[in-house]
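Asker: Take this structure first; my questions come after.
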Amino acid sequence: MNEINLAYLQNWVGRETTTHDLLAPRHAGLMAATLGLSRDALGVGAALPPLWHWTYFLEGLPPTELGRDGHPARGGFLPPVPLPNRMWAGGVVNFDAPLPLGAAVEKRSRIASVQHKVGRSGDLVFVTVAHEIWHQGQLALRELHDIVYKSAAPAHPAPPVGADVPTDAGLPISTGTRTYRPDATQLFRYSALTFNGHRIHYDLDYCREVEGYDNLVIHGPLNATLLAAWAQEVAGCPLREFRYRGLRPALLGQTLTLHWGESAGTAMVWATLESGAVSMQAEALF
């Protein structure tokens, strides 16, 4: 059993790091190819599409500095949480100004909080990282990124198609949909573009034997990126804020359905599995 020493882990709160990058149009073009989009409008000066900043500021550590799951070993910038499994839980992104392709940019990151909770599957530790991206002295993007660490427990298999699985409460009536079925090549390309070594996205034996998934896991940030693009397309104007939360893993081989709806003046988008269960949901402000 892993003992959670929260007081020790909270020593990481306030830690900061700063990185720099160039928003290369070529890299954006590769992202467009991964998503099956045209790259014609992605030249120098064009605005970076929402959430594509995750393909920049990449950390490249040597194999000796990686953990068993392919992520960087614990205890560097992020706290050394003793729970073995890590997932991208959700976050909030504010788009304060366009990020033009070709620009030199700076990202400032800080550990905002570390919290311990106990869920149905056991111990959970949530680490929230605050990011800011600056361009020419102007704050262009603010982000709160939630990471969850959990105990090593087999994942529940996906419900069968047609099973009576209710969608999450609080969602409006869907007034628009689009289907999306990623394949293994797309998962590989997205992992490569984000330099994401997490083995749940490409190592099927690891998925099944270590983390208990029936198939490769579709990236949470990939699903969030598709939802943000869907929201902006339906609204016909740029996103100002995007609040998203992962609820259930989406596995390779499933067709996801992206939904749009509005409730009390708030636009919402969400992705459902073939069972009807919600995998990720988000609020979009314009």
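FYI, it's all coordinate maths here, none of it is from the lab. Computed from a prediction, not measured in an experiment: that's the story for all the values here. For neighbour counting, all protein chains shown are included, and Cβ atoms are generated from backbone atoms with ideal geometry for every residue, glycine included.
Asker: Hey, what D do you get for the chain in µm²/s if you plug the Kirkwood alpha-carbon radius into Stokes-Einstein at 25 °C and 0.890 mPa s?
Answerer: 124
Asker: Name the trypsin sites (Lys or Arg not before Pro) in segment 33-93 that are in a loop by DSSP and that have at most 12 other C-beta atoms within 10 Å, would you?
Answerer: R68
Asker: Give or take rounding to whole Å, what are the principal axis extents of the alpha carbon atoms in segment 157-286, in descending order?
Answerer: 45, 36, 19
Asker: Using 1/(1 + (r/R0)^6) with R0 = 30 angstrom and r between the beta carbons of T18 and T177, what's the FRET efficiency to the nearest 0.05? The partial results should precede the final answer.
Answerer: Working: r = 41 Å, r/R0 = 1.37.
Efficiency at R0 = 30 Å is approximately 0.15.
Asker: Before rounding to the nearest 500, sum -39500 (n - 2.57) across all DSSP H runs of length at least 4 in the chain and divide by the residue total; then give [θ] at 222 nm in deg cm²/dmol.
Answerer: Estimated from H runs of four or more residues: -4000 deg cm²/dmol.
Asker: Here's something else I'd like to know. Please list 3J(HN,Hα) in residue order for segment 207-215, calculated via the Karplus relation 6.51 cos²θ - 1.76 cosθ + 1.60 where θ = phi - 60°; whole Hz, with x for glycine and proline.
Answerer: Result, ordered by residue: 3, 7, 8, 9, 9, x, 8, 6, 8 Hz.
Asker: Within a 10 angstrom radius of the beta carbon, how do E132, E59 rank from fewest other beta carbons to most?
Answerer: Fewest-to-most Cβ neighbours within 10 Å comes out as E59, E132.
Asker: Now for a separate question. Taking a spot 7 Å from the Cα of Y8 along the direction of its beta carbon, which residues of segment 47-71 have an amide N less than 18 Å from it?
Answerer: none
Asker: Can you list residues whose amide H is under 5 Å from A140's amide H, if they're 5+ apart or on another chain and H is modeled 1.01 Å from N?
Answerer: I133, W134, H135
Asker: Then there's this: Before anything else, pin down the relative contact order of the chain: Cα pairs under 8 Å, at least 6 apart, normalised by residue count, whole percent.
Answerer: So the answer I get is 19 percent.
Asker: OK, next. Tally Lys and Arg at +1 and Asp and Glu at -1 over the other residues with C-beta under 15 Å from the C-beta of P25: what net charge comes out? Walk me through the numbers on the way to the answer.
Answerer: Values: positive: R26, R39; negative: D21, D40.
Every neighbour counted, the sum reads 0.
Asker: How big is segment 52-118 by the Kirkwood estimate over distinct Cα pairs, in Å? Intermediate results must be reported in sequence, preceding the final value.
Answerer: Values: mean 1/r = 0.0662 Å⁻¹.
Hydrodynamic radius (Kirkwood, Cα only) of segment 52-118 equals 15.1 Å.
Asker: How would V125, V234 line up from fewest to most surrounding beta-carbon atoms within 10 angstrom?
Answerer: Starting with the residue having the fewest Cβ neighbours, the order is V234, V125.
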